[in-house]
Each structure stands twice: as structure tokens, then as C-alpha cells.
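Input: a single structure, listed below in C-alpha cells.
The values are calculated or read from the model by the stated rules, or taken from the named source; none is laboratory data. Nothing here was measured: the structure is a model prediction, and the numbers come from that model. Cβ: placed from backbone, ideal geometry, glycine included. Neighbour counts: every protein chain shown.
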Amino acid sequence: MLKVRSVEPKVGWYLAGFTDGEGSFNVALRPRDDCQVPWKVSLCFNVSQRDRVILALFKKHLACGTMRQRKDGVWYYEVNNLTSIVENVIPFFNRFGFLSAKKKRDFSKFKQLAKLMQAGDHLTRTGIEQVLEIRRDMDDGGKRRYTDEEILARIGASEDSRIPRDHMPNPTPRNPAVDE
């Protein structure tokens with residue numbers, strides 16, 4: 001778990017500013033056939049850049065995530081593990097916030113989604129509807145592989161029973177840092 005208070009302010013504010021311009025908070029829904037709910041909901045924080053040194057600072061100071069290089073030479077840093085998002089990413093950006101209204105909005109929605117997922121609400125039709133509503137204007141609508149209608153049609157009209165926690169992939173404990 002990241003000790004956000006131990007991050008040097010000049011580094012924290014630099015990374016927050018960099019994220020304000022180049023970072024992204026996303027939610028993805030991918031089809032699944034191995035669970036009762038036919039969609040996997042995933043949160044992801046990412047930054048891409050040609051210079052890997054800056055991304056290595058993110059990895060070091062957020063104490064989580066992965067780095068990889070794409071075929072075009074661009075480096076990509078991402079955190080898509082819910083526990084790491086809740087324990088590291090959210091507390092970091094709660095302390096070192098953003099100036100742009102767009103990034104503040106997207107981060108606020110990202111925190112709402114993390115809280116919803118921690119409660120397991122994304123495992124019901126009603127929860128998926130909430131996810132779709134929250135993400136609607138994140139990243140200005142972004143490019144989506146599946147429409148809201150396709151997602152809801154695959155779930156069906158009455159699938160609102162929750163999967164027992166012991167049948168969920170990667171259950172995540174609640175963390176009050178999300179509520180900050």
C-alpha cells in the first residue's frame with residue numbers, strides 16, 4: 001500500500017500535472033463467458049509517452065502498475081488492478097489533484113466506479129446500468145467497442161442477482177480512501 005504522505009510534494013505535483021495533460025482514467029466492459037454476469041468491468045489508469053523515464057517515476061511513486069512498450073516505440077504505464085487503484089492511485093490523486101475541470105470530473109467518476117465495484121454492485125444488471133451512466137461522459141465519451149444497448153441486451157432483462165463473493169474473480173476489500 002502506498003504511503004501517499006511520503007511522496008515528495010514536488011514529485012507528486014509534477015506527476016499530477018503530467019497526468020492532467022497526458023493521463024487517462026477509464027472503465028472498460030469486456031464480454032465474458034465464464035461468469036454469471038456476461039461482462040467484466042475493469043478500471044484503468046494509464047499514461048503513455050515516448051520517454052520511459054517519466055513513466056518510471058509513476059511506477060516508482062505510485063508503487064504499482066506495469067510498463068510496456070508498444071510496437072510504435074511509445075511507452076505505456078497502466079494500473080488496472082482494483083486493489084492498487086483503491087490503495088495507491090486514488091489516494092495519490094486525492095492528495096495531488098488536478099487543475100483542469102475535465103480531469104477533475106473524470107477522476108471523480110473513476111472514484112465512484114471504484115466504490116461501486118468494491119461493493120460488488122457491478123455484478124448485477126442494475127450495477128452495470130450505473131456503470132454505463134457514470135462512464136457516459138468520462139473521457140468525453142471516448143471510443144467504445146460496445147454500445148450501452150449491446151451491453152444491456154447481452155445481460156438480459158432480469159439478471160439482477162449478485163454473484164456470491166467466493167465466485168467472483170479477484171474480490172477486493174473496501175477501502176475508505178476511495179471516499180476521500
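Tabulated results
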{"read-out": "Test: Glu129 is assigned to a helix (DSSP H, G or I), over 27 Å from Trp13 (Cβ atoms), of a type in the set (D, E, K, R) and in contact (Cβ under 8 Å) with a residue 12 or more places away in the chain", "value": "yes"}
{"read-out": "Test result for Asn94, more than 30 Å from Glu149 (Cβ to Cβ), among the polar types (S, T, N, Q) and surrounded by fewer than 16 Cβ atoms within 10 Å (Cβ to Cβ)", "value": "yes"}
{"read-out": "Filter result (under 19 Å from Val7 (Cβ atoms) and either hydrophobic (A, V, I, L, M, F, W, C) or not in a loop (DSSP other than H, G, I, E, B) (or both)) within segment 58-82", "value": "Phe58, Lys59, Lys60, His61, Leu62, Ala63, Cys64, Met67, Tyr77, Val79"}
{"read-out": "Checking Gly120 against (1) over 17 Å from Leu43 (Cβ atoms); (2) modelled with pLDDT under 95, the condition it does not meet", "value": "(1)"}
{"read-out": "Qualifying residue in segment 103-114 (condition: assigned to a loop (DSSP other than H, G, I, E, B), under 16 Å from Gly21 (Cα atoms) and modelled with pLDDT of 95 or more)", "value": "no"}
{"read-out": "Segment 22-57: number of residues that are in contact (Cβ under 8 Å) with a residue 24 or more places away in the chain, over 30 Å from Ala153 (Cα atoms) and either assigned to a strand (DSSP E or B) or under 21 Å from the mean Cα position of the chain (by Cα) (or both)", "value": "7"}
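For every residue, the table says whether it meets (1) among the aromatic types (Phe, Trp, Tyr); (2) loosely packed, with under 14 Cβ neighbours inside 10 Å.
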| site | (1), (2) |
| --- | --- |
| Gly17 | no, no |
| Arg30 | no, yes |
| Gln36 | no, no |
| Trp39 | yes, no |
| Ser42 | no, no |
| Asp51 | no, yes |
| Leu62 | no, no |
